[in-house]
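Comments concern the structure below.
A short reminder: the numbers here are calculations on the coordinates, not readings from a lab. As the structure is a computational prediction, the values presented were derived from the model and not from experiment.
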């Protein structure tokens, strides 16, 4: 099993560090090189690879400096996104091997046009697509693409750990409670999130199983969620409910 550590960056980003048992590691979406280099030095680690999910600067800004410092590093990322210094462009359906574990590349379009994720070893690195109790904004893609991407993630094993790229959980939970104020699992989760954040501890990783119970964007078939957007859409199909939720969240 690979060991995952979080390296905080900027206000609310997480750069994920994937470590094997022999002091080698990979980093996911390093928007800033400085905290990564500091962590590597403090823990005497050798970085072999960078995994990129999409091209936004808070996910790739540190890549050029890491490549400069570690010229033999393998930079893996989406073939259909403008990511500099890629050494290994990948597309949905391909597999990569990382420290003896196989990761499948998932196409997760919507937040950006070519957004991808990586799933393997019971872990999902999903960038800005799925967050705990929320989902990413639809910037370059379509509502339909984002909805399809989330539906892909729902089919993963419930125990899959979800390593998303931002600490957005508290604000997402506030919105989720506006959607489903009577959801007892969500109420309990709010208390847990408040306790963790009061101690300045991360609320992620979450799991696919947990998100199915508390994340409104994964619950578009639930009567309670459908009722909550009845004033925003008369259509009850899953995409219409998702679209109404995402537009509501945009202004929440």
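A few comments on the model shown:
- Between the C-alpha center of the range 120-166 and that of the range 49-105 there is a gap of 18 Å.
- Antiparallel bridges, percent of DSSP beta bridges restricted to the chain (to nearest 5): 65 percent
- For the range 183-227, the Rg and Dmax computed from alpha carbons only, in angstrom: 12.0, 35
- Rounded to 5, the percent of DSSP beta bridges in the range 1-71 classed as antiparallel: 70 percent
- A quarter of the convex hull surface defined by the alpha-carbon atoms of the range 124-252 gives 7.3 nm² as the mean projection.
- Taking each DSSP H run with n ≥ 4 as -39500 (n - 2.57) and averaging over every residue of the chain yields -10000 deg cm²/dmol at 222 nm.
- The ratio of the alpha-carbon radius of gyration of the range 58-134 to the globular-protein estimate 2.2 N^0.38 Å is 1.13.
- Under Stokes-Einstein, with the Kirkwood radius over Cα pairs as Rh, the value for the range 101-193 at 10 °C and 1.306 mPa s is 114 µm²/s.
- Shape analysis of the chain yields a ratio of the Cα radius of gyration to the Kirkwood radius, Rg/Rh, of 0.97.
- Based on Cα contacts under 8 Å between residues 6+ apart, the chain shows a relative contact order of 13 percent.
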